[in-house]
Amino acid sequence: MKEPLKHHQACGFGFAIRSYNQCRVSYGSAVVDRYLSHFGEYIRNEFPKKYCFYLDNGHFLIVSPGFMDIHAAIAKIHQQFKDPWIREGESASFDIGCCYIDNRLNYSSPAELRESLELAFNDIDTLEHKDIVVDEKYKQRAERQTHIRKILRKAIETDSIEIFLQPLMDAKTEELTGAEALARLRDDDGTIIPPGDFIELSNSIGVINALDDQVFDKTCQFISAGGLTRCNMNWIHVNLAPTQCLNLDLADHLNEIRRRYFIPFFTIRLELIEDGALNPNGKKQINLLKEMGFDIVLDDYGTGYSNASRMKDLPFSEIKIDISLVKDYCSHPDPYLPNLVSTMHALGLMITAEGIETKEMADKMKALGVDHLQCYYSKPLSIPDFLQKYSK
């Protein structure tokens, strides 16, 4: 790719299999891998004088060093994927989306082009039946992402990740009872980089575990310094990434940090999402953490495949109802959420409603009998601001 990019001759397009991970679940990884190989053979035969690449995760790229009728090529690809693919007695359907490379743009390296393409591929998965032009805005986003990656690596190396605290309020009394510790990253000019811009990035570049370790360590520091007592709180929630649950020494590692600061187990509640909680090693680590004395919280309940029977198999102390369920109930009340709250309470679980934005939403969640409310009473605050607002 270096030569065509150097001479500003790169012309081409990419296509992505939508809901790729779900395809691997539905058809099986081995079946999908065979079809990926089949797709590769097809595009090499269809575009014999082009550069054909597979970029992982169901993403393909076809580039021409000279002129290429991209619209005709994309129409051909769409037509090919319109019907099921049949191979060696197997049949499978795949929905795709395409992205055009704007050949008026100059990329300094294949890596820079790939960064823009990956952003477009991610957008394709959320835009049904719509193709995308990889234009200047994607190039700018890629440049911004490269900058954030640099800032993130530096913050990891220098132990500069900050924690902000978001209050968790008792639903009955509306008094502060706990908080959630959230990672925050500052840009070179001191401004806060939005979490959505660096959390997923930290996972993709392999530093999410180091980031979460800093959050856990600094939360322990805050508790050890008397932060809970000063604010009359019971505990702080700390998030664990799914990849942390793959670590065989997770429980011992977190316990070692906790012991370093001489703080009780009950002062920290560990939050996990389903991807971490339901993989085999995740279950093992959850049980070990619970046996040690940590309370375990299932985060974002309602966004995956959780059900009451699965809750019975794992030692959760609390679930956090995802904002999507809360908003849906507040807009169109139905029996689902009341029945869910009743069932979870019957299982002995505490319940936090996330994403509370208005007093009306707070009142509706109180009426359902949830235990804690999050978001309405305060945005996440830096440690100094949190202490200033809530210290007794």
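The values are calculated or read from the model by the stated rules, or taken from the named source; none is laboratory data. Here the structure is a predicted model, which means the values were calculated and not measured. In this analysis, Cβ positions are derived from the backbone assuming ideal geometry, glycine residues included, and neighbour counts consider all displayed protein chains. Surface accessibility is based on the protein's heavy atoms, side chains included, excluding ligands, DNA and RNA. Shrake-Rupley method; radii C 1.70, N 1.55, O 1.52, S 1.80 Å.
Taking the stated definitions as given, is THR358 in contact with a His (Cβ under 6 Å, 6 or more places away or on another chain), within 23 Å of LEU165 (Cβ to Cβ) and among the polar types (S, T, N, Q)?
Taking the combined requirement at face value, the residue does not satisfy it.
Among the residues in region 214-234, are any within 30 Å of SER204 (Cα to Cα), open to solvent by 50 Å² or more (accessible area, probe 1.4 Å) and either in contact with a helix residue (DSSP H, G or I) (Cβ under 8 Å, 6 or more places away or on another chain) or part of a helix (DSSP H, G or I) (or both)?
Yes, there is a match, as at least one residue in region 214-234 is within 30 Å of SER204 (Cα to Cα), open to solvent by 50 Å² or more (accessible area, probe 1.4 Å) and either in contact with a helix residue (DSSP H, G or I) (Cβ under 8 Å, 6 or more places away or on another chain) or part of a helix (DSSP H, G or I) (or both).
Hey, ASN281 hits all of (1) within 16 Å of TRP235 (Cα to Cα); (2) of a type in the set (S, T, N, Q); (3) at pLDDT below 95 but one; which does it fall short on?
That leaves (1) as the condition not met.
Find all pairs meeting these conditions: Cβ atoms under 7 angstrom apart; at least six residues apart or on different chains; first residue within region 97-110 and under 15 Å from GLU3 (Cβ atoms); second residue open to solvent by 40 Å² or more (accessible area, probe 1.4 Å).
That search, which allows pairs on different chains as well, returns ASN106/HIS8; PRO110/MET1; PRO110/LYS2.
Only helices (runs of 4 or more DSSP H) wholly contained in region 102-211 count here; list those with 2 or more residues that are among the β-branched types (Val, Ile, Thr).
Numbers: elements: 110-124, 136-157, 195-204.
Output list reads 136-157.
Being open to solvent by less than 10 Å² (accessible area, probe 1.4 Å), under 15 Å from GLY348 (Cα atoms) and modelled with pLDDT of 90 or more narrows it down to one of LEU298, LEU289, LEU270, so name that one.
Only one candidate passes the filter, namely LEU298.
Evaluate the following for GLN214: is it in contact with a Phe, Trp or Tyr (Cβ under 9 Å, 6 or more places away or on another chain) and of a type in the set (S, T, N, Q)?
So GLN214 does not fit the description; no.
Could you check region 351-365 and list, in sequence order, the residues that are open to solvent by 60 Å² or more (accessible area, probe 1.4 Å) and under 23 Å from GLU271 (Cα atoms)?
Scanning region 351-365 gives a single hit, GLU357.
If you check ILE208, ILE193, ILE132, which single one turns out to be surrounded by 13 or more Cβ atoms within 10 Å (Cβ to Cβ), at pLDDT 95 or above and of a type in the set (A, V, I, L, M)?
Of the residues listed, the single one that is surrounded by 13 or more Cβ atoms within 10 Å (Cβ to Cβ), at pLDDT 95 or above and of a type in the set (A, V, I, L, M) is ILE193.
Quick one: ILE296 ticks every box in (1) among the β-branched types (Val, Ile, Thr); (2) out of contact with any helix residue (DSSP H, G or I) (no Cβ under 7 Å at 6 or more places or on another chain); (3) within 27 Å of LEU248 (Cβ to Cβ) bar one, so which box is it?
Among (1) among the β-branched types (Val, Ile, Thr); (2) out of contact with any helix residue (DSSP H, G or I) (no Cβ under 7 Å at 6 or more places or on another chain); (3) within 27 Å of LEU248 (Cβ to Cβ), ILE296 violates only (2).
Checking the structure you have, find out if any residue of region 323-336 is open to solvent by 10 Å² or more (accessible area, probe 1.4 Å), within 20 Å of PRO380 (Cα to Cα), in contact with a strand residue (DSSP E or B) (Cβ under 8 Å, 6 or more places away or on another chain) and free of Cβ contacts under 8 Å to residues at least 40 places away in the same chain.
No; the residues of region 323-336 include none that is open to solvent by 10 Å² or more (accessible area, probe 1.4 Å), within 20 Å of PRO380 (Cα to Cα), in contact with a strand residue (DSSP E or B) (Cβ under 8 Å, 6 or more places away or on another chain) and free of Cβ contacts under 8 Å to residues at least 40 places away in the same chain.
Which residues, taken from region 1-43, are over 17 Å from ARG87 (Cα atoms), over 30 Å from the mean Cα position of the chain (by Cα) and assigned to a helix (DSSP H, G or I)?
LYS2, GLU3, PRO4, LEU5, LYS6
Kindly provide the set of residues from region 201-235 that are among the β-branched types (Val, Ile, Thr) and either farther than 15 Å from SER391 by Cα or in contact with a Cys (Cβ under 7 Å, 6 or more places away or on another chain) (or both), ordered by number.
Residues satisfying the conditions are ILE205, VAL207, ILE208, VAL215, THR219.
Starting from region 225-250, take each residue that is within 18 Å of LYS283 (Cβ to Cβ) and list its partners that are open to solvent by 80 Å² or more (accessible area, probe 1.4 Å), counting only C-beta distances under 7 angstrom and pairs at least six apart or across chains.
PRO242/ASP275
Could you tell me whether region 99-108 includes any residue that is among the aromatic types (Phe, Trp, Tyr) and at pLDDT below 95?
At the first step, the residues of region 99-108 found to be among the aromatic types (Phe, Trp, Tyr) are 100, 107.
With at pLDDT below 95 added as a condition, the list becomes 100, 107.
Looking through region 99-108, at least one residue is among the aromatic types (Phe, Trp, Tyr) and at pLDDT below 95.
Suppose we filter GLY66, GLY28 for residues that are touching a residue at least 40 places away in the same chain (Cβ under 8 Å) and of a type in the set (Gly, Ala, Ser); which single one remains?
Numbers: GLY28 fails: touching a residue at least 40 places away in the same chain (Cβ under 8 Å).
None of the other options fit; the residue is GLY66.
Quick one: is VAL341 part of a helix (DSSP H, G or I), under 22 Å from SER324 (Cβ atoms) and either in contact (Cβ under 8 Å) with a residue 60 or more places away in the chain or of a type outside the set (Gly, Ala, Ser) (or both)?
Spelling it out, VAL341 is indeed part of a helix (DSSP H, G or I), under 22 Å from SER324 (Cβ atoms) and either in contact (Cβ under 8 Å) with a residue 60 or more places away in the chain or of a type outside the set (Gly, Ala, Ser) (or both).
Which of the residues spanning region 137-186 are buried (at least 20 other Cβ atoms within 10 Å of the Cβ) and among the small types (Gly, Ala, Ser)?
ALA142, ALA155, ALA171, GLY178, ALA179, ALA181, ALA183 - these are the residues of region 137-186 that are buried (at least 20 other Cβ atoms within 10 Å of the Cβ) and among the small types (Gly, Ala, Ser).
Out of region 42-98, which residues are within 19 Å of ALA10 (Cα to Cα) and loosely packed, with under 13 Cβ neighbours inside 10 Å?
ARG44, PRO48, LYS49, GLY66, PHE67, ASP69, HIS71, ALA72
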